[in-house]
Amino acid sequence: MATETSDKPALARRSFLRSAAFLATAAPIMTEASLAYAAQTPAPPSGMALHGQGPTAPPSSMVLINANENPLGPSKAACDAIARVAPLGGRYDLTGETELLTKTIAAQSGLKPEFIAVYAGSSEPLHYSVLAFTSPTKSFVTADPSYEAGMFAARTSQAKIIKTPLTSAFAHDVKAMVAADAQAGIIYICNPNNPTGTLTTKQDIVWALENKPAGSILLVDEAYIHLTDEPDTLDLVAQGKDLIVLRTFSKIYGMAGIRCGFAAGRPDLLAKLKPFGQNAMPITGSAAARASLEDPNLIPERRKIIGDTRRDTIAWLKSNGYKVIGDPQTNCFMIDTGRNGRAVMAAMKARNVMIGRTWPIWPNAVRISVGTPEEMAAFKVAFKAVMDGPPLAEADHVQLAQLDGYVAR
C-alpha cells in the first residue's frame, strides 16, 4: 500500500507532462508577424500564415508599416555583438551568453536571476502562460480590442474567452476585467495596448492585482513599455505578487527578426511554464540583447525618434480631418476610417503601402505602425488618395469579409 501511495505523485507528474506536451503541440504559437501577414492574405495556404511563415515576400519598394516593427533595426552595439558570437553559432551557447543576459536583466530590473526566464521573443512565454493558467474551468480575460495571441492559446486550452471593451479613454477597464469571472485563470493586460497604443495607469494595474479573483494571475505584456514614460511593473514581480510580466526586444530594440524576450515572475509561477517546452536560445539573440541593454542612450534616443514621427503623423491626420483613436503613446495607433477597414488595407497595399490590421469590434478602424519619416510621408500620400477616392465595391467587401473570419478564428 505504501508503494502504491508513493507512486501517485510520480504518476500525476507524468500525466501532467503528457498533457502539457499535447497542449504545446496542439496549435501554433501566434506572433505579431503571423497575425500581421495573415491579415494581408485573403486566401492563405492552409496553416501557412498562422505558422509564422507569412505570404510571398512583398516587393522591396513596399512600405511596411503593418507589423509594429522598428525600422531602425538593431543598434550598432547589437550588430557588433552578433558579429562577435556568430562564428560560435555551431555550438549551443558555449560562452554562456543567455546566462549573462539573464544576469544583466535581473541586475537592471532589481530582480534575482531566478525571477527571469529568457525566451526567443515574448510569444512563447505568452502562449505557455495561458496554457499553464487557463483551462475549461479557468477563463482568459482580455480587453477588446487588444493583442489577439493570448486568445489563440486560450482556445488550445479550451478556456472560456471573455472580452471587455476599453474605457472611454481607451485604457483597460480593470474593474470590468476583474469582475468578469470569479473563476478567471488569467487577466491579460497589454500595456501600452496593441493596437491602440494607449496606456493603462500603473495605479489601475495595482488595483487589478489587489482585487482580482483568488488564484488568478495577471499577465502584463510590456512589449511597448520602453516607448513611453509610463512606469513598469517589474517592482511588483520583485514583491512576489501574482503576476507575470512579458518583455520583448522586438520593439524599441529593433530585434524582431533576431528573436529575444523574457518573462519575469516568481520562480514558482515561471516553473509552471517549463513543462510546455522551450527552444534553445540563439546566441546571437542573447548577445545582441545584452549589448542593447548596456547601451544607456538607446532607449531615450529611439523613444524620441519614434515619438517625434508618431506625433508628426498624427498631427497631419488630425489637420486633415481624420479620426485617430485615443491618445497613442507608442509605435502604433488606430484610425477610424468610417468605411470598411479591410477595403482600406487593400487600397493602401495597391499603392505600395502595407498597413494592418482591423479588429472585429472596430471593423472600420485600421492600425498603423510608425515607420521612418520617409515611410510615413509615403503613407500620408497614399492614405489621402485612398480616403479621397470612392469606397470599394461590394464584391470586394465579400472577399475581405472572408479574411475577417479567418483572422478572428
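The values are calculated or read from the model by the stated rules, or taken from the named source; none is laboratory data. What you see is a predicted model; the values in this text were computed from it and never measured. FYI the Cβ positions are ideal-geometry reconstructions off the backbone, even for glycines, and counts take in every protein chain you see. Just the protein is used for accessible areas: all its heavy atoms, side chains included, with ligands, DNA and RNA removed. Shrake-Rupley method; radii C 1.70, N 1.55, O 1.52, S 1.80 Å.
Give the residue, chosen from Lys175, Lys163, that is open to solvent by 30 Å² or more (accessible area, probe 1.4 Å) and assigned to a strand (DSSP E or B).
Lys163
How many residues are open to solvent by less than 30 Å² (accessible area, probe 1.4 Å), assigned to a helix (DSSP H, G or I) and not small (Gly, Ala, Ser) when one looks only at the range 99-119?
Qualifying residue count, the range 99-119: 4.
Which condition from (1) closer than 30 Å to Gly389 by Cβ; (2) touching a strand residue (DSSP E or B) at 6+ places or on another chain (Cβ under 8 Å); (3) open to solvent by less than 40 Å² (accessible area, probe 1.4 Å) is the one that Ala343 breaks?
Among (1) closer than 30 Å to Gly389 by Cβ; (2) touching a strand residue (DSSP E or B) at 6+ places or on another chain (Cβ under 8 Å); (3) open to solvent by less than 40 Å² (accessible area, probe 1.4 Å), the lone unmet condition for Ala343 is (2).
Going through the range 222-239 one residue at a time, which ones are open to solvent by less than 30 Å² (accessible area, probe 1.4 Å) and either of a type in the set (Asp, Glu) or assigned to a helix (DSSP H, G or I) (or both)?
Across the range 222-239, the qualifying residues are Glu222, Ile225, Leu227, Leu234, Leu236, Val237.
Let's see how each residue does on (1) touching a Pro at 6+ places or on another chain (Cβ under 9 Å); (2) assigned to a loop (DSSP other than H, G, I, E, B); (3) open to solvent by 20 Å² or more (accessible area, probe 1.4 Å); (4) at pLDDT 95 or above:
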site	(1), (2), (3), (4)
Pro195	yes, yes, no, yes
Val220	no, no, no, yes
Lys241	no, yes, yes, yes
Val245	no, no, no, yes
Arg259	yes, yes, yes, yes
Asn279	no, yes, yes, no
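Restricting attention to the range 80-98, report how many residues are open to solvent by 60 Å² or more (accessible area, probe 1.4 Å), touching a residue at least 60 places away in the same chain (Cβ under 8 Å) and either touching a strand residue (DSSP E or B) at 6+ places or on another chain (Cβ under 7 Å) or farther than 25 Å from Gly277 by Cα (or both).
2
Which numbered condition trips up Asp181, out of (1) buried (at least 24 other Cβ atoms within 10 Å of the Cβ); (2) out of contact with any Gly (no Cβ under 9 Å at 6 or more places or on another chain)?
Tallying (1) buried (at least 24 other Cβ atoms within 10 Å of the Cβ); (2) out of contact with any Gly (no Cβ under 9 Å at 6 or more places or on another chain), Asp181 fails exactly one: (1).
Which one of these is part of a helix (DSSP H, G or I), over 18 Å from Glu114 (Cβ atoms) and either open to solvent by less than 10 Å² (accessible area, probe 1.4 Å) or in contact (Cβ under 8 Å) with a residue 24 or more places away in the chain (or both): Ser286, Ser250, Ser292?
Answer to the selection: Ser292.
Across the range 135-156, what is the total count of residues that are open to solvent by 10 Å² or more (accessible area, probe 1.4 Å) and polar (S, T, N, Q)?
Of the residues in that region, 3 qualify.
Consider the range 131-158. How many of its residues are within 30 Å of Pro328 (Cα to Cα), touching a residue at least 40 places away in the same chain (Cβ under 8 Å) and assigned to a helix (DSSP H, G or I)?
Total satisfying the criteria: 5.
State all residues of the range 363-374 that are surrounded by 18 or more Cβ atoms within 10 Å (Cβ to Cβ) and out of contact with any Cys (no Cβ under 9 Å at 6 or more places or on another chain); if no residue qualifies, say none.
Once the filter is applied, which keeps residues that are surrounded by 18 or more Cβ atoms within 10 Å (Cβ to Cβ) and out of contact with any Cys (no Cβ under 9 Å at 6 or more places or on another chain), the range 363-374 yields Ala365, Val366, Gly371.
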